[in-house]
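To keep things clear, I will list the structure first and then write my remarks on it.
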Amino acid sequence: QVQVVESGGGLVQAGGSLRLSCESSGMFFSINSMGWFRQAPGRQRELVATVSNAGSTNYADSVKGRFTISRDNAKNTVYLQMNSLKPENTAVYYCNADVRLHLSHTDSIFWGQGTQVTVSS
């Protein structure tokens, strides 16, 4: 089994910063890509940022220049540094990990339970 656990959400004023963390653990051989997604009330889940195992990153246009995704392969952890936060960034932020499973050597995606980010105006 694979566990994906996010942390670091909370309440922040507009213009402030937060850093989210996401650690993966369990029976996998390696992690391919990792990513952050978010879902605001009444809206579909959307991509925020992803990072490949080679370190290539991809961002939603709305967060470019304000959010930075990074990963620590030794800790199986991905981070999302969020600066200049806006009220419209309020959402539940989810992390996922695309892993190569240990026994089957197949790839599978696992999701965390989400962490709430609330930005007040």
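The values are calculated or read from the model by the stated rules, or taken from the named source; none is laboratory data. Note that the coordinates shown come from a computational prediction; the quantities given were computed from them, not determined experimentally. Every residue, glycine as well, gets a Cβ built from its backbone with ideal geometry; the counts of neighbours run over all protein chains shown. Please note that ligands, DNA and RNA were not included when accessible areas were found on the heavy atoms of the full protein model with its side chains. Shrake-Rupley method; radii C 1.70, N 1.55, O 1.52, S 1.80 Å.
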message: Among the residues of segment 43-51, are any closer than 23 Å to SER120 by Cβ, in contact (Cβ under 8 Å) with a residue 40 or more places away in the chain, in a loop (DSSP other than H, G, I, E, B) and of a type outside the set (Lys, Arg)?
response: no
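Residues being open to solvent by 30 Å² or more (accessible area, probe 1.4 Å) and under 20 Å from THR68 (Cα atoms): count how many of those fall in segment 22-48.
Filtering segment 22-48 down to residues open to solvent by 30 Å² or more (accessible area, probe 1.4 Å) leaves 23, 25-27, 29-30, 32-33, 37, 39, 41-47.
The next check asks that each one be under 20 Å from THR68 (Cα atoms); those that pass are 23, 32-33, 37, 39, 45-47.
Counting residues in segment 22-48 that are open to solvent by 30 Å² or more (accessible area, probe 1.4 Å) and under 20 Å from THR68 (Cα atoms) gives 8.
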- prompt: Out of all the residues in segment 47-79, which are over 24 Å from ARG100 (Cα atoms) and among the charged types (D, E, K, R)?
  reply: ASP61, LYS64, ARG66
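Based on this model, can you work out whether SER62 counts as modelled with pLDDT of 95 or more, open to solvent by less than 80 Å² (accessible area, probe 1.4 Å), not basic (Lys, Arg) and not in a strand (DSSP E or B)?
On the way: modelled with pLDDT of 95 or more: yes; open to solvent by less than 80 Å² (accessible area, probe 1.4 Å): yes; not basic (Lys, Arg): yes; not in a strand (DSSP E or B): yes.
When the stated conditions are applied, SER62 passes them.
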statement: If we ask which residues in segment 1-37 are out of contact with any Ser or Thr (no Cβ under 9 Å at 6 or more places or on another chain) and over 14 Å from GLN81 (Cα atoms), their number turns out to be 6
Residue count for segment 65-91, restricted to those that are touching a residue at least 60 places away in the same chain (Cβ under 8 Å) and open to solvent by 40 Å² or more (accessible area, probe 1.4 Å): 5
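Filter segment 8-35 for residues that are closer than 16 Å to VAL99 by Cβ, assigned to a strand (DSSP E or B) and not small (Gly, Ala, Ser) and give the result. Before the answer, list the steps.
So in segment 8-35, the residues closer than 16 Å to VAL99 by Cβ come out as 22-35.
Now restrict to residues that are assigned to a strand (DSSP E or B): 22-26, 28-35.
CYS22, GLU23, PHE28, PHE29, ILE31, ASN32, MET34, listed by residue number.
Looking only at residues that are part of a loop (DSSP other than H, G, I, E, B), more than 16 Å from ASN76 (Cα to Cα) and open to solvent by 20 Å² or more (accessible area, probe 1.4 Å) in segment 92-121, which one is modelled with the highest pLDDT? Walk me through how you get there before you give the answer.
Start the filter on segment 92-121 by keeping residues that are part of a loop (DSSP other than H, G, I, E, B), which leaves 102-106, 112-114, 121.
Cutting the leftovers down to more than 16 Å from ASN76 (Cα to Cα) gives us 103-106, 113-114, 121.
Narrowing further to those that are open to solvent by 20 Å² or more (accessible area, probe 1.4 Å): 103-106, 113, 121.
Details: LEU103: 82, SER104: 82, HIS105: 83, THR106: 90, GLN113: 97, SER121: 94.
The selected residue is GLN113.
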